[in-house]
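Student: Dropping the structure in here first, questions after.
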Amino acid sequence: MTPEETGTGNAGASEGFHYLEAIEKSITAQMPRAVDELMRLVSIPSVAFPGHPEEPVLAAAAATEELLRSTGLPHVRRIPVEGSFPAVYAEAPAPPGAPTVLLYAHYDVQPAGDPALWRTPPFEPTLIDGRLYGRGAADDKSGIMAHVLALRAFQGRFPVGIKVIIEGQEEYAGERLEEFVERNPDLLRADAIIVADVGNPAVGEPAVTTSLRGLAAFTIEVRTLKESLHSGSFGGAAPDALAALIRMLASLHDDRGDVRVPGLPRGIFPGAGPEEHGFRQAAGVLDGASLVGSGSLADRLWSSYAITVTGLDVPSVNGAINAVQAVARARVTVRVPPAGDPGKAAADVLDYLRSVAPWGVQVSVTDQVLGSGYLADGGGRARAALNRALERAYGRTPRDIGAGGSIPLVSTLAKQFPAAEILLFGAEDEAAAIHAPNERLVLDELRRTAIAEALFLADYAAF
């Protein structure tokens, strides 16, 4: 169904209303099928990190290709990405005079982590009270399904040109798709770009993400001894690598929790952010535990540097022996404000860690990853159409928010296609527990997101 077939181009508001209503009804009717398909997709452990099997990642690529073929897109294929897993690409030509929209999501997921922390098995998707639990249900297989649902509403007759790129290694080393974009600009060139890898501050509260922090991550290793030693015979004089690393990492923040590293100042977000009570609930902050840092929550979450130790290679408590440790490693992640330089941020943090390293320990760094942030402009024709679509789908006006997470590809798209409007919205919400145990997706949020996307495509075509 197209606007021309229903007369929305010239026949007045009544025909336009019925066209939009038909889109909404179509997507709502598709939901049971889409939930089944999403559950099958979530059941695939498509973790594209080193050390995890490749077969499930490739299986997720095949499943994604099958889903895109089901939308009526005439051209669907997997395309190789050097040094990474394949991307799934699809396209349909634009009707005469119509713009082209690029749709983005990713089919890989974060590792599940400790299975004991999950209330349901991470790769056995489970429905509970309208919520789908499982790794990747929200981040970002919901993005794939939102695109699929929206496209199916048009039964293969799309009102705009469509391009789709579904990435296979966003969660680890996503910069490889950035290089692909730079080498293949014509393949992805579009007038508007929808990135469905974000979400709303709360269920039912529509938002458009207008800023993204960048990312710098690295593994730091501390060595002090040729090999670990008996703590009774050598402890108290032999330098302990683990104790040294703990001292270094603890020095990164002051007593309030603000970043202490020189050159990484606090920033200010121009709009409203979350209120503290709702944030504490969404984050699961325990009673009596205080939030860290200073400034507004929006400042801390969206416009300031944040440093997190995301992993440690040290002896586990179970089976620990009485030894002075010869080596210890940590994975450190730095979130960088949209206008910040990730390379400089990484250098500043590493210089600081080396400066506070005690006892002359040996410090080395490996596995550095960098990704730029993004700050949207004021918006134009596409943003106006999206605002109308979100307001109709949710029954309330969307607001601008930032995102503390990073999507390095977005800054590459902005540089490569400066005339394109980039629109970030999706079915996730702050309580979705992405990158954490018990990740979940509110299915009605998926429905509303898909409706908004389809309404946007119809509205954007009508300009």
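Student: When you scan segment 151-255 for helices (runs of 4 or more DSSP H) that lie fully inside it, which ones turn up with 3 or more residues that are surrounded by fewer than 24 Cβ atoms within 10 Å (Cβ to Cβ) and within 26 Å of the chain's Cα centre (by Cα)?
Tutor: In segment 151-255, the matching helices (runs of 4 or more DSSP H) lie at 175-183, 185-188.
Student: Within segment 67-88, is even one residue under 21 Å from the mean Cα position of the chain (by Cα), closer than 23 Å to Arg152 by Cβ and among the hydroxyl-bearing types (Ser, Thr, Tyr)?
Tutor: Taking every residue of segment 67-88 in turn, none turns out to be under 21 Å from the mean Cα position of the chain (by Cα), closer than 23 Å to Arg152 by Cβ and among the hydroxyl-bearing types (Ser, Thr, Tyr).
Student: Please pick out the residue among Ala345, Ala432, Ala339 that is in contact (Cβ under 8 Å) with a residue 60 or more places away in the chain, touching a Gly at 6+ places or on another chain (Cβ under 9 Å) and in a loop (DSSP other than H, G, I, E, B).
Tutor: Ala432
Let's see how each residue does on (1) under 19 Å from Trp359 (Cβ atoms); (2) in the same structural domain as Leu413 (by TED's automatic domain parsing); (3) touching a residue at least 40 places away in the same chain (Cβ under 8 Å):
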residue: Phe218; (1), (2), (3): no, no, yes
residue: Val222; (1), (2), (3): yes, no, yes
residue: Gly235; (1), (2), (3): yes, no, yes
residue: His253; (1), (2), (3): no, no, yes
residue: Val285; (1), (2), (3): no, no, no
residue: Val292; (1), (2), (3): no, no, no
residue: Ser304; (1), (2), (3): no, no, yes
residue: Val314; (1), (2), (3): yes, no, yes
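Student: Then there's this: Would you check if there is a residue in segment 384-398 being under 19 Å from Leu215 (Cβ atoms), surrounded by 15 or more Cβ atoms within 10 Å (Cβ to Cβ) and touching a residue at least 60 places away in the same chain (Cβ under 8 Å)?
Tutor: no
Student: Let me ask something else about it. Give me a count of the residues in segment 275-292 that are touching a Leu at 6+ places or on another chain (Cβ under 9 Å) and under 18 Å from Arg260 (Cβ atoms).
Tutor: Matching residues across segment 275-292 total 1.
Student: What is the one condition in (1) farther than 30 Å from Val285 by Cβ; (2) touching a strand residue (DSSP E or B) at 6+ places or on another chain (Cβ under 9 Å) that Ala403 does not satisfy?
Tutor: Every condition holds for Ala403 apart from (1).
Student: Follow-up question, since we're still on this one. Output the number of the condition that Pro418 fails; it satisfies all remaining conditions of (1) under 30 Å from Pro93 (Cβ atoms); (2) in a helix (DSSP H, G or I).
Tutor: Against the list (1) under 30 Å from Pro93 (Cβ atoms); (2) in a helix (DSSP H, G or I), Pro418 comes up short only on (2).
Residues checked against (1) in the same structural domain as Glu205 (by TED's automatic domain parsing); (2) over 26 Å from Glu421 (Cβ atoms):
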site: Val317; (1), (2): no, yes
site: Val324; (1), (2): no, yes
site: Arg335; (1), (2): no, no
site: Pro338; (1), (2): no, no
site: Ala345; (1), (2): no, yes
site: Ala382; (1), (2): yes, no
site: Arg392; (1), (2): yes, no
site: Asp400; (1), (2): yes, no
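Student: Restricting attention to segment 435-456, does a residue exist that is within 23 Å of the chain's Cα centre (by Cα) and modelled with pLDDT under 95? Please lay out each step first, then the result.
Tutor: Taking segment 435-456 as the starting set, the residues that turn out to be within 23 Å of the chain's Cα centre (by Cα) are 435-454, 456.
Adding the requirement that they be modelled with pLDDT under 95 leaves 435-436.
Within segment 435-456 (the criterion being within 23 Å of the chain's Cα centre (by Cα) and modelled with pLDDT under 95), the answer is yes, since at least one residue qualifies.
Student: Kindly indicate the residue of segment 361-403 that is among the small types (Gly, Ala, Ser) and in a loop (DSSP other than H, G, I, E, B) and also farthest from Arg331 (Cα to Cα) among those meeting that condition.
Tutor: Step by step, filter segment 361-403, then rank; the result is Gly395.
Student: Which residue out of Asp287, Asp299 is touching a Phe, Trp or Tyr at 6+ places or on another chain (Cβ under 6 Å) and either of a type outside the set (Phe, Trp, Tyr) or within 30 Å of Arg440 (Cα to Cα) (or both)?
Tutor: Asp299
Results for (1) closer than 30 Å to Ile268 by Cα; (2) free of Cβ contacts under 8 Å to residues at least 12 places away in the same chain; (3) not hydrophobic (A, V, I, L, M, F, W, C); (4) not assigned by TED's automatic domain parsing to the domain that holds Ala414, shown as yes or no for each residue.
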position	(1), (2), (3), (4)
Arg119	no, no, yes, no
Leu127	no, no, no, no
Gly134	no, no, yes, no
Ile144	no, no, no, no
Val164	no, no, no, no
Val198	yes, no, no, no
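Student: Separate question: What residue, of Val324, Val349, Val356, Val369, is within 20 Å of the chain's Cα centre (by Cα) and surrounded by 14 or more Cβ atoms within 10 Å (Cβ to Cβ)?
Tutor: Val369
The values are calculated or read from the model by the stated rules, or taken from the named source; none is laboratory data. Keep in mind the model is a prediction, meaning the values are calculated, not measured. Ideal geometry is used to build each Cβ from the backbone, glycine not excepted, and the neighbour counts take in all protein chains shown.
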